[in-house]
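Encoded as structure tokens, the structure appears first; notes follow it.
Nothing in this text is a laboratory measurement; each read-out follows from the coordinates by a stated rule. No experiment lies behind these values; they were computed from the predicted model shown. Here the Cβ is made from the backbone with ideal geometry for all residues, glycine too, and neighbour counts use every protein chain on show.
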Amino acid sequence: MRKFKEFIVEKLILICGIASIFFVILIFLFLLKEGLAVFKTVSLFKFLLGKNWYPISEPPQLGILPLILGSLLVTLGAAIISIPIGVGCAVYIAEVAPTQTKEILKAGIELLAAIPSVVLGFIGMVTLVPLVKNVFHLPTGLTALSGSIMLAFMAMPTIVSIAEDALYSVPKSYKEGAFALGATRWQTIHRVMLPAASSGILAAVMLGVGRGIGETMAVMMITGNAAVIPHSILAPVRTLTATIAAEMGEAVVGSEHYFALFAIGIVLFVISFAVNVTADLFLHKRQ
Amino acid sequence: MAKIITKDLNLWYGGFHALKNISLSFESNRITAIIGPSGCGKSTLLRVFNRMNDFIEGLRQDGEVLIDGVNILNGKTDLVALRKRVGMVFQRPNPFPLSVYENIVFGERIHADSVNQDTLDEVVENSLKSVLLWDELKDKLNKSALMLSLEQKQRLCIARVIAVKPDVLLMDEPCSALDPQATMRIEELMRELKNNYTIIIVTHSMQQAARVSDDAGFMLLGELIEFGNTDQIFTAPHDKRTEDYITGRYG
């Protein structure tokens, strides 16, 4: 009887373990099945590098280059903003802040991570967008820059907490060694701690940026959603994610438009997957 | 000549009285060993001399520690200058995750206002020569220091300290991670280095203290029980507790 119980529990756990992989495979297969169909009408090359996204004109033009560039521009802007602030914040929390400040800051960062992206988008829409419009004298504040700034807020918690972990896991003996040689606190941080934690910090950056690429709601609300190739960060853009979210509702099931949206999903999947694998490689290198 | 003198040194970690009225002096160009069972305060004492205890919260100390006649325990002490003069070698070799070369020039880079490539090369060669690593490592200067053997790492750490040109070398159980042969060679190195430095070594190994030191102090529960010439301490200790410890009755 006891053996039977063991057997049941063991198999149940096995099923739970396999389930997640099974569902990932199912989702991926579905994505492939629906997405690849678009390549019957448009070549991969034309799809990725086509400059026009007019999915409902006749015949439809399904070039996603403006969307890819939109996503990259917003994400790159977010990375440029969030990396220095995030890493700086992690260094401050891990190395400089007194215990009490550290606790308050960490709680603050966690709270930032807990804000739903639609709320951030809404706040951005009523505060940041008019600000960008007035500061740069633009016809509209719905720009890639606005999206970048809001996205930076979303990437920051990930960057801070993982980079902070990386700094904590640097052996204490390195720090002692540097101080014993007469290094100041800043010299110790930039000559020993940061190089020693570099792979973990890189992983933090990759994961933070990865989160940015997949983000949908906030960028859809504040980037203006113009599917044209952006010529500056002050122009409205449309991201890959926003395109799917905005158009899936009106795409006719089985149409080329519908298949193209799934193909965009594949592109997003490939990008996120590549970013996560790279981050993982850095994390494992650390251990 | 006395290099370091402590007068009525007391130290507390919060409510714990870790060093009790320590008064002794360390001579230049000699090796002084501090022995005693774990937790007797010997490492704490060593870390007073380069103020490494400062990082511990709730630390309180009074009394005087004079290095070349200057009290280093007051608030005005320039810690960077102090640690440049008083170098430390740790229990576990702790080279930085940088190249052999960068480990050695670390001190030069942080202390010099401007660095000159020729000076750096010279520092690396001289420091590695003085720890007898030059021949082994001269072709591997750009390799990561983490690839070295434990003994090489510890020698590298000594070279890294020497490169800063200190007067005093503090060694906190420098051989405890090494095998007997490596230990022997590091001890030889210490004998050679004492011509130029004041060396203070903390060790839990009485044999090591007997082999390597000129003077020795025995500590127990935060007190300095006995201090004197190593031969005298090991052959004719005045205090019953010292005798009990070195004859292995406890510890």
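For this structure, a couple of remarks:
- Histogrammed with a bin width of 5 Å, the alpha carbon distances of the range A:27-99 distribute as 3, 13, 13, 14, 12, 10, 7, 7, 7, 6, 4, 2, 1 percent, first bin at zero.
- Mean residue ellipticity, 222 nm, helices only, the protein assembly as shown: the sum of -39500 (n - 2.57) across DSSP H runs of n ≥ 4, divided by residue count and rounded to 500, is -17000 deg cm²/dmol.
- When every Cα-Cα distance of chain B is counted in 10 angstrom steps from zero, the calculated P(r) takes the values 7, 31, 35, 21, 6, 0 percent.
- Selected from B:221, B:144, A:62, residue furthest toward positive end of dipole (the protein assembly as shown; charges at beta carbon): A:62
- GNM remark for chain B: springs join alpha carbons under 10 Å apart, and the peak mean-square fluctuation among B:138, B:20, B:240 falls on B:240.
- Distance between the modelled labels on residue B:231 and residue A:169, one decimal in nanometres: 5.5 nm (7 Å Cα→Cβ projection).
- Footprinting exposure proxy for B:24, B:170, B:9, A:112 (fewest neighbouring C-beta atoms within 10 Å first): A:112, B:24, B:9, B:170
- Cα-based convex hull, chain A, per residue volume (Å³, whole number): 201 Å³
- Signed unit charges on C-beta, dipole axis of chain A, positive-most listed residue A:38, A:7, A:120: A:7
- Counted by neighbouring Cβ atoms within 10 Å, the residues B:197, A:54 run from fewest to most as A:54, B:197.
- As a length-normalised measure over Cα pairs under 8 Å and 6 or more apart, the relative contact order of chain A settles at 27 percent.
- Scaled to the globular estimate 2.2 N^0.38 Å, the Cα spread of the protein assembly as shown, given as radius of gyration, is 1.34.
- Dipole moment magnitude, nearest 20 debye, the range A:97-187 about Cα centre, only Lys, Arg, Asp, Glu C-beta charged: 160 debye
- Each residue, residue B:139 and residue A:30, gets one label point 7 Å from its Cα in the Cβ direction; the gap between the two is 6.2 nm.
- Evaluated at q = 0.15, 0.16, 0.18, 0.22 Å⁻¹, a Debye calculation over the C-alpha positions of the range B:113-251 (equal weights, vacuum) places log10 I(q)/I(0) at -0.81, -0.88, -1.04, -1.37.
- Straight-line cross-link partners of residue A:3 among the lysines, defined as a Cα under 23 Å from its Cα and at least 8 positions apart when in the same chain: A:11.
- Placing +1 on the Cβ of every Lys and Arg and -1 on the Cβ of every Asp and Glu, with nothing else charged, gives the protein assembly as shown a dipole about its Cα centre of roughly 880 debye.
- Contact order normalised by residue count of chain B, Cα under 8 Å, 6+ apart, percent: 29 percent
- Fewest-first ordering of A:206, A:217 by other beta carbons within 10 Å of each residue's beta carbon gives A:217, A:206.
- DSSP bridge pairs, the protein assembly as shown: antiparallel proportion in percent, nearest 5: 60 percent
- For the range A:175-274, the relative contact order comes to 19 percent (Cα pairs under 8 Å, sequence separation of at least 6).
- Taken about its Cα centre, the range A:53-286 carries a charge dipole of roughly 760 debye when the Cβ of each Lys and Arg holds +1 and the Cβ of each Asp and Glu holds -1.
- Put a dot 7 Å past the Cα of residue A:113, heading toward its Cβ, do the same for residue A:280, and the two dots end up 2.0 nm apart.
- When the C-alpha to C-alpha distance is required to be over 25 Å, the pairs from B:7/B:165; A:102/B:84; B:7/B:84; A:175/A:285 that qualify are B:7/B:165; A:102/B:84.
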